[in-house]
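Taken together, the values in this text are just the output of simple stated rules run on the coordinates, not laboratory data. Treat the numbers as computed from the prediction; the structure is a model and nothing was measured. Here the Cβ is made from the backbone with ideal geometry for all residues, glycine too, and neighbour counts use every protein chain on show.
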Amino acid sequence: MNVGVVGAGVLGLAAARILQDLGHSVTIFEGRDEVGGQVVTFPVGGTPLECFYHHLFTNDTTSVRYIQEMGLGDELLWIEPHNGHLVNGRRYPFVTAMDLLKFTAIPLTSRIRLGLVALYLRRQKHGLEKYEGVTARKWMERAVGKKAFNAFWGPLLRGKFADYMDEVGMVWLWNKIYLRFASRKSGNKESLGYLRGSFRRYYEALAEHIKERGGTIHLSAPVEEVVVEDGAVGGIRVAGELHPFDAVLMTTPNIITRKIAPALPAEYTEILDRVRYQWATCLVLTLDRPLSDMYWLSIADDLPFVACVEHTNFMKPEEYGGNHIVYLSNYASSGNPVLEMDARQVLEHYTPGLKVINPDFDPSWVRNAWFFKDPGGQPVIGTNYSRSIPPFATGIAGLYLANTTQVYPEDRGQNYSLQLGEEVARLIHADVRAVAARKGAWI
């Protein structure tokens, strides 16, 4: 069977690989000029760097498996990060339980409640059933108290979901905490993984693996339409040309899916339209010196970004031509003025916040700046979100959808995108076999 895949992100590549393993021919169409999707890179000091920061947790076993299978296991580095939390203009280390006790931004009783609730949630293996009907704010305010919530979880929810923060389901926050603690294999310390030379190395190797086995990947080939004829998928139209396929997998965000697949049934598009997205944005700076001594600094103060990720407090600056690399991450609703700014304008807007992190900061430290944004960066995970998850099968014979809105209760990320790609590929294969069996054929 010939399968067309829309999108060459890690999800689409994983699906293509499994489909090939199961005996199908695969053709991928990607609108960008490179594979990788949300994990794409740009060069800094001669080394590729992700446009949006990425690392692995130790329980991201699917990502680790792919890296090993692509022959890059020895290049995957595991490092203990120095993380922190900024509140009331002060940076607090936040790595161990002792750091929590020293978090004097809130009273001791609030610190104890914050720690005990985290310990409780890390032991809840069935949070999906327990927490789906309650918001994160309501549950957390009651559990840790308003002082702890306002100093820790509240700002993080507001920074990530803005006007939607009061709607975010507790399942989303529970799973963040559960998986984060589950990744700590020994003691209370955390190790994060990064592939030397960027994660680009493994997904490009995966793309080459697909091509070596007969697959085709078309780059700079935005899909105009997924064509449907008589209730079944007919193929993919690109640059006015129809490419016929027996089945098509779309890995696009819902808003793009709606544009390229106008024949989707109304009941299916109704589900797609329930999901709202926040734009993900990253201002990436190269500096001539360090900004701080922390890798990941969560921001609780009213700054225009929600996290400061200093990549070269994780990897050495020498890997990037001596540049010190800082990501300033934010999530924005449509209409936010920052989405219309260029990198220099965003830097000017963010400079007062950088001075809060380091009062000595001066724009003269900046060697270069880039601003990246993605309209499908973060689905808004509300209460009873499972009702907003579209099935892989769209209701049109042979047409399937898999994207980050279907990752639940886990959050978006490479690991779960790879898993999703494998899962949908096996479903497509099973459906093909079932159809063939009804027709008396054999696949």
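Please give the helix 343-357 orientation as an angle from the longest Cα principal axis of the chain, in degrees from 0 to 90, rounded to the nearest 10.
That helix lies at roughly 40 degrees to the long axis.
Stokes-Einstein diffusion coefficient for the range 276-378 at 37 °C in a medium of 0.692 mPa s, Rh from the Kirkwood formula over Cα pairs: what value in µm²/s?
Details: Rh = 13.9 Å.
Calculated translational D: 236 µm²/s.
How big is the charge dipole of the chain about its Cα centre, in debye rounded to the nearest 20, if each Lys and Arg gets +1 on its Cβ and each Asp and Glu gets -1 on its Cβ?
Working: 46 positive and 48 negative charges, 366 e Å.
Here the chain has a charge dipole of around 1760 debye.
Measure nothing but the geometry: give the 0 to 90° angle between the long axis through the Cα atoms of 108-122 and the longest principal axis through the Cα atoms of the chain, rounded to 10°.
That helix lies at roughly 20 degrees to the long axis.
Give me R344, R367 sorted ascending by neighbouring Cβ count inside 10 Å, so fewest comes first.
Numbers: R344 12, R367 15.
Placing the least packed residue first, the sequence is R344, R367.
If you take the Cα Rg of the chain and divide it by 2.2 N^0.38 Å, with N the number of residues, what do you get?
On the way: Rg = 22.5 Å, N = 443, 2.2 N^0.38 = 22.3 Å.
Dividing the Cα Rg of the chain by 2.2 N^0.38 Å gives 1.01.
Out of all Cα-Cα pairs in the range 121-228, roughly what percent, to the nearest whole number, are more than 25 Å apart?
Values: 2976 of 5778 pairs.
The share of Cα pairs beyond 25 Å in the range 121-228 comes to 52 percent.
Along the Cα-to-Cβ line of E423, 7 Å from the Cα, sits a label point; which residues in the range 1-29 have backbone N less than 11 Å from it?
So the set is empty, nothing qualifies.
For the range 96-182, rounded, prolate or oblate, judged on the Cα gyration tensor with a ≥ b ≥ c (square roots of eigenvalues), a/c < 1.5 rounded, else prolate if a/b > b/c?
Working: a/c = 1.86, a/b = 1.24, b/c = 1.50.
Because a/c hits 1.5 or more and a/b fails to exceed b/c, the range 96-182 counts as oblate.
Where Lys and Arg each count +1 and Asp and Glu each count -1, what net charge lies around G84 among other residues with Cβ under 11 Å from its Cβ? The partial results should precede the final answer.
Numbers: positive: R90, R91; negative: D99, D293, E310.
Net charge around G84: -1.
Amide H to amide H under 5 Å from G382: which residues, 5+ apart in sequence or cross-chain, H placed 1.01 Å off N in plane?
Residues meeting the amide H criterion: G169.
Hey, rough spin-label estimate for R289 and N2, points 7 angstrom out along Cα→Cβ, what's it come to in nanometres?
6.2
Taking only DSSP H segments of four or more residues, each worth -39500 (n - 2.57), what value at 222 nm results for the chain once the sum is divided by all its residues, to the nearest 500 deg cm²/dmol? Mind showing how you got there, number by number?
Values: 13 runs with 145 residues, N = 443.
Calculated from helices alone, the mean residue ellipticity at 222 nm is -10000 deg cm²/dmol.
Any idea what the dipole of the range 96-182 comes to, in debye rounded to 20, about its Cα centre with Lys/Arg Cβ at +1 and Asp/Glu Cβ at -1? Write out the running numbers ahead of the final one.
Details: 16 positive and 7 negative charges, 67 e Å.
The calculation lands at about 320 debye.
With unit charges on the beta carbons (Lys and Arg positive, Asp and Glu negative) and the dipole taken about the Cα centre of the chain, which residue among S329, N368, G127 sits farthest to the positive side?
Checking the options against the dipole of the chain, the answer is G127.
State the extension gain, in nm to one decimal, for the chain segment bounded by A97 and A434, taking 0.36 nm per residue of separation less the distance between their alpha-carbons. Present the calculation step by step, with values, prior to reporting the outcome.
Numbers: separation 337, 0.36 × 337 = 121.32 nm, distance 5.32 nm.
Between A97 and A434, full extension yields an extra 116.0 nm.
Enumerate the calculated ³J(HN,Hα) couplings along the range 285-292 in order (Karplus 6.51 cos²θ - 1.76 cosθ + 1.60, θ = phi - 60°), each rounded to whole Hz, writing x wherever the residue is Gly or Pro.
10, 9, 10, 8, 7, x, 8, 8
What percent antiparallel are the DSSP beta bridges of the chain, to the nearest 5? Mind showing how you got there, number by number?
On the way: 52 of 73 bridges.
The antiparallel fraction comes to roughly 70 percent.
Quick one: D360, D293, fewest Cβ neighbours within 10 Å first, how do they rank?
Values: D360 8, D293 13.
Ascending Cβ contact count within 10 Å gives the list D360, D293.
Hey, how many Å between the Cα centroid of the range 360-408 and the Cα centroid of the range 56-102?
Using only Cα atoms, the two centres lie 22 Å from each other.
Would you work out which of G421, G9, P155 lies farthest towards the positive end of the dipole of the chain? Charges go on Cβ: Lys and Arg +1, Asp and Glu -1.
P155
With a sphere of radius 9 Å drawn around the Cβ of R17, what net charge do the other residues whose Cβ falls strictly inside it have (Lys, Arg +1; Asp, Glu -1)?
Numbers: positive: R213; negative: D21, E422.
Here the charged neighbours net out to -1.
Build a GNM of the chain with springs between Cα atoms under 10 Å: which of A207, A393, A15 gets the top mean-square fluctuation?
Taking springs between Cα atoms under 10 Å, the residue moving most is A393.
Taking only C-alpha pairs under 8 Å that are 6+ residues apart, what is the relative contact order of the chain in percent? Could you put the intermediate results ahead of the total?
Values: 867 pairs, mean separation 110.2, N = 443.
Reported as a whole number, the value is 25 percent.
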